[in-house]
Amino acid sequence: MLEIRNLVVKIADEDKQILNGLNLTVNDGEVAAIMGPNGSGKSTLSYVIAGKEDYEVLEGEILLNGENVLEMEADQRAAAGIFLAFQYPLEIPGVATMTFLKAAMNAQRKARGEAELLTPDFIKQVNAAADKLGIAKDMLRRPLNVGFSGGEKKRMEILQMALLSPSMCILDETDSGLDIDALRIVAEGVNALRDKSRGFLVITHYQRLLDHIVPDTVHVMSQGKIVRTGGKELALELEKSGYASYGEAA
Amino acid sequence: MAAVQETIDQVKSIDVTEYKYGFVTEVEVDKPAKGLTEDTVRYISARKNEPEWMLEWRLDAFRRWKTMTEPNWSRVNYPPIDYQDLYYYAAPKKGASPKSLDEVDPAILETYKKLGIPLREQEILAGVAPENRVAVDAVFDSVSVVTTFKKELAQAGVIFCSISEAIQEHPELVKKYLASVVPVTDNYFATLNSAVFTDGSFVYIPKGVRCPMELSTYFRINEQNTGQFERTLIIADEGAYVSYLEGCTAPKRDENQLHAAVVELIALDDAEIKYSTVQNWFPGDAEGKGGIYNFVTKRGDCRGKRSKISWTQVETGSAITWKYPSCILRGDGSRGEFYSIAVSNGMQQVDSGTKMLHLGKNTTSKIIAKGIAAGKSDSTYRGMVSAHRKATGARNFTNCDSLLIGDQCGAHTIPYIEAKTATAVFEHEATTSKIGEDQMFYCQQRGLSEEEAVALIVNGFVKEVLQQLPMEFAVEAQKLITISLEGSVG
């Protein structure tokens with residue numbers, strides 16, 4: 001369970017405050033969507049949860065299963081179960097995707113005091129997960145994300161999510177840059193991971209992603225706060241009325 | 001605090017105490033007075049019992065050197081070197097020219113043991129498959145203290161000994177090949193080396209012989225204010241093959257130490273020489289105090305048809321590196337390769353690269369150079385590829401990549417390309433990239449620690465070159481690179 005209480009955040013080295021006393025709870029098994037106009041602080045929220053260093057938390061707390069994650073480094077948060085699917089996944093030249101996956105999985109296992117994966121088990125797991133997402137074997141041998149299309153990069157994020165088996169998944173604008181077919185594959189990948197022990201925070205500007213990943217709750221974010229909470233029908237309402245009433249600049 | 005800022009702060013506070021080979025060995029040494037005169041040259045020659053022709057050769061080089069000036073075209077800065085304030089020869093007193101290991105000063109044996117270089121054959125043999133054995137020539141300051149597996153190599157007709165011994169035992173080979181690749185007056189440091197060279201290795205692989213094991217030389221500079229003037233000569237006769245590895249370390253000292261080496265390789269028809277270097281001289285401390293000045297001339301001559309010479313180097317040490325292992329592609333169809341990883345941190349300065357001189361027809365060459373700069377270091381790749389007008393069908397592929405860590409280091413690429421035949425095909429690719437804060441965050445978000453993330457990215461960057469090293473050295477080199485970059489991120 002992810003609990004965020006009265007979170008106030010500013011950009012480090014600047015006076016600009018982005019989150020202004022945000023409260024949010026995502027229960028295990030829940031799929032929560034955050035929608036909001038551009039500049040409302042949605043991506044900042046995802047980075048702050050994951051531990052990016054460009055921000056300074058002035059007030060509030062973030063608890064994962066009761067533990068304060070603000071005390072942890074980004075890699076410790078990952079090992080504790082937080083996964084962020086990036087809006088723009090980074091390229092890692094020269095590092096084969098397989099090598100990266102193995103390093104990441106073993107680093108998390110090590111942090112949790114578990115033994116390293118045996119290579120045959122690792123390969124089996126990767127192949128099974130890749131098949132489900134329609135990721136070709138030769139792509140796993142290529143350097144991670146280098147020269148991948150937008151759709152391939154997003155699928156690779158979901159593959160990592162599946163393999164790292166986090167308890168809290170954050171998807172930051174996962175639908176951006178995807179055509180409808182790619183969107184469907186990615187959404188199916190996410191839906192397959194829905195589980196009563198796992199929470200999702202789906203950040204999106206558009207309603208269309210939520211046709212494929214149907215949320216339990218929808219939160220509207222504006223000016224660094226959650227301003228409205230409802231069920232999945234709230235997303236449809238926003239689609240019709242737009243964010244005008246939530247202060248999006250015209 | 002942002003990761004990159006932390007990196008910078010870490011680098012600022014970096015102390016190169018990670019250098020684990022920085023210990024000093026206490027041995028009594030024999031050395032002449034400081035400074036360089038004809039008498040110094042005579043002293044060195046006399047200490048080595050050299051024949052008259054060798055002394056004359058040295059004196060001739062010395063006279064020429066006196067008329068030359070130090071080159072200053074490279075992108076490195078250092079205070080003027082006072083050549084009269086150095087010792088040019090230092091040899092352990094105890095057990096000079098030992099007949100067996102039992103006569104070698106135990107302190108020296110202990111040194112090599114500490115460095116992880118076993119010199120007793122039975123120790124080397126323990127648990128090592130015959131095909132993985134390595135014969136070692138150990139050079140301590142100015143003398144070779146021991147060469148292992150000589151007998152077994154001799155059975156295959158291979159000569160592997162110190163250059164001093166070769167001058168005594170195989171003068172005809174030395175006379176024929178010495179300075180045939182790097183002429184005495186090639187450059188200031190090569191001429192200096194010709195006058196005062198002390199020791200190094202000599203290898204001769206006869207016709208059609210594939211050297212039965214890896215050969216290696218381990219150079220150690222121990223004495224204070226002493227220059228090491230290594231001279232190595234490797235000849236692979238027709239159809240022969242040899243793989244040779246050189247390793248280097250030195251104690252941590254406040255003064256800079258000079259290492260001016262000359263290495264010559266000669267490959268005759270269908271012969272192949274693979275020369276690998278893992279250079280880990282003391283790089284100096286955080287303020288740039290101390291460290292080795294490494295001014296080295298390395299050149300291979302693909303004299304025969306279809307011959308091949310490949311240089312592989314992993315360079316993590318030295319305060320200053322000035323080094324361009326090159327290939328003269330004289331024989332038709334010959335091939336030259338250069339694979340390099342240069343890691344610089346702290347205040348290190350590197351100006352290094354290669355030359356591929358295509359003279360024969362259908363000659364090919366390949367250059368893969370990877371530079372990693374961290375701290376306040378400065379790294380320059382300088383490379384020349386040229387084709388003579390008769391070198392029809394010459395081909396070269398060059399790839400130089402630089403990786404920057406932090407924002408106080410520099411990387412430069414200076415390629416010189418000259419084709420005098422229209423049939424030459426030269427390709428040059430170069431990239432410069434930086435380990436970005438976002439890349440680091442991405443890796444950490446997947447559970448990798450900062451150290452692991454840097455190691456992963458750096459290993460991905462240098463993989464292509466590491467693959468060229470003999471297996472056991474590749475592992476060592478990988479560790480070495482990680483150690484050299486330790487503390488370069490927060």
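Some values worked out for this structure:
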| item | result |
| --- | --- |
| Test result for B:Gly284, closer than 27 Å to B:Tyr188 by Cβ and either part of a loop (DSSP other than H, G, I, E, B) or among the polar types (S, T, N, Q) (or both) | yes |
| Hits in region A:165-184 - residues which are surrounded by fewer than 21 Cβ atoms within 10 Å (Cβ to Cβ) and either within 13 Å of chain B (Cβ to nearest Cβ) or out of contact with any helix residue (DSSP H, G or I) (no Cβ under 9 Å at 6 or more places or on another chain) (or both) | A:Ser165 |
| Strands (runs of 3 or more DSSP E) enclosed by region A:132-250 - at least 1 residues per element that are among the acidic types (Asp, Glu) and over 23 Å from A:Leu24 (Cα atoms) | none |
| Qualifying residue in region A:104-122 (condition: within 14 Å of chain B (Cβ to nearest Cβ), free of Cβ contacts under 8 Å to residues at least 60 places away in the same chain, of a type in the set (A, V, I, L, M, F, W, C) and part of a loop (DSSP other than H, G, I, E, B)) | yes |
| Conditions (1) under 23 Å from A:Asp211 (Cα atoms); (2) at pLDDT 95 or above: number failed by A:Pro37 | (2) |
| Selected residue [surrounded by fewer than 16 Cβ atoms within 10 Å (Cβ to Cβ), closer than 30 Å to B:Phe461 by Cα and not aromatic (Phe, Trp, Tyr)] from A:Lys196, A:Lys137, A:Lys154 | A:Lys137 |
| Qualifying residue in region A:79-86 (condition: assigned to a strand (DSSP E or B) and at the interface with chain B (Cβ under 7 Å from one of its Cβ atoms)) | yes |
| Residue within region A:47-60 that is more than 10 Å from chain B (Cβ to nearest Cβ), crowded, with 17+ Cβ neighbours inside 10 Å, of a type in the set (Gly, Ala, Ser) and in contact with a Gly (Cβ under 9 Å, 6 or more places away or on another chain) present | yes |
| Answer from B:Thr198, B:Thr191, B:Thr249 - the residue that is more than 26 Å from B:Thr67 (Cβ to Cβ) and buried (at least 24 other Cβ atoms within 10 Å of the Cβ) | B:Thr249 |
| Qualifying residue in region B:51-70 (condition: part of a loop (DSSP other than H, G, I, E, B), of a type in the set (Ser, Thr, Tyr) and surrounded by fewer than 19 Cβ atoms within 10 Å (Cβ to Cβ)) | yes |
| Tabulated pairs, region B:343-355, first closer than 12 Å to B:Tyr381 by Cβ, second part of a loop (DSSP other than H, G, I, E, B) and among the β-branched types (Val, Ile, Thr), C-beta under 6 angstrom, 6+ apart or interchain | B:Asp351/B:Val76 |
| Only one of B:Glu255, B:Glu272, B:Glu264, B:Glu246 that is of a type outside the set (A, V, I, L, M), under 30 Å from B:Lys479 (Cβ atoms) and under 18 Å from the mean Cα position of the chain (by Cα) | B:Glu246 |
| Residue, modelled with the highest pLDDT, within region B:84-99, restricted to residues that are out of contact with any Gly (no Cβ under 8 Å at 6 or more places or on another chain) and among the hydroxyl-bearing types (Ser, Thr, Tyr) | B:Tyr89 |
| Hits in region A:4-46 - residues which are under 17 Å from the mean Cα position of the chain (by Cα), assigned to a loop (DSSP other than H, G, I, E, B) and surrounded by fewer than 21 Cβ atoms within 10 Å (Cβ to Cβ) | A:Asn27, A:Asp28, A:Gly29, A:Glu30 |
| Pairs with Cβ under 6 Å, 6+ apart, first in region A:29-49 and closer than 23 Å to A:Leu193 by Cα, second among the charged types (D, E, K, R) and buried (at least 20 other Cβ atoms within 10 Å of the Cβ) | A:Ile34/A:Lys42; A:Ser43/A:Asp172; A:Ser46/A:Asp172 |
| Residues of region A:68-78 that turn out to be under 20 Å from A:Glu114 (Cα atoms) and away from chain B (no Cβ under 12 Å), as a count | 0 |
| Any hit, region B:430-450, residues being away from chain A (no Cβ under 14 Å) and out of contact with any Pro (no Cβ under 9 Å at 6 or more places or on another chain) | no |
| Unique match (being touching a helix residue (DSSP H, G or I) at 6+ places or on another chain (Cβ under 7 Å) and away from chain B (no Cβ under 12 Å)) among A:Gly94, A:Gly134 | A:Gly134 |
| Candidates A:Gln207, A:Gln223, filtered to the one that is surrounded by 15 or more Cβ atoms within 10 Å (Cβ to Cβ), over 21 Å from A:Ile82 (Cβ atoms) and out of contact with any Gly (no Cβ under 9 Å at 6 or more places or on another chain) | A:Gln207 |
| Hey, B:Arg220 touching a helix residue (DSSP H, G or I) at 6+ places or on another chain (Cβ under 6 Å) and within 20 Å of B:Asp141 (Cβ to Cβ) or not | no |
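Quick grid of which residues meet (1) buried (at least 19 other Cβ atoms within 10 Å of the Cβ); (2) touching a residue at least 12 places away in the same chain (Cβ under 8 Å); (3) under 24 Å from B:Tyr275 (Cβ atoms):
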residue: B:Ala411; (1), (2), (3): yes, yes, no
residue: B:Tyr416; (1), (2), (3): no, yes, yes
residue: B:Thr421; (1), (2), (3): no, yes, no
residue: B:Ala430; (1), (2), (3): no, yes, no
residue: B:Glu437; (1), (2), (3): no, yes, no
residue: B:Gln444; (1), (2), (3): yes, no, no
residue: B:Gly447; (1), (2), (3): yes, no, no
residue: B:Glu451; (1), (2), (3): no, yes, no
residue: B:Ser484; (1), (2), (3): yes, yes, yes
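Every residue, every condition in (1) over 30 Å from B:Met68 (Cα atoms); (2) among the polar types (S, T, N, Q); (3) in contact (Cβ under 8 Å) with a residue 12 or more places away in the chain, yes or no:
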{"position": "B:Lys151", "(1), (2), (3)": "yes, no, no"}
{"position": "B:Asn187", "(1), (2), (3)": "no, yes, yes"}
{"position": "B:Ile205", "(1), (2), (3)": "yes, no, yes"}
{"position": "B:Ile221", "(1), (2), (3)": "no, no, yes"}
{"position": "B:Thr226", "(1), (2), (3)": "no, yes, yes"}
{"position": "B:Thr232", "(1), (2), (3)": "no, yes, yes"}
{"position": "B:Ile235", "(1), (2), (3)": "no, no, yes"}
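The values are calculated or read from the model by the stated rules, or taken from the named source; none is laboratory data. Keep in mind the model is a prediction, meaning the values are calculated, not measured. All Cβ positions, glycine included, derive from the backbone under ideal geometry; neighbour counts span all protein chains shown.
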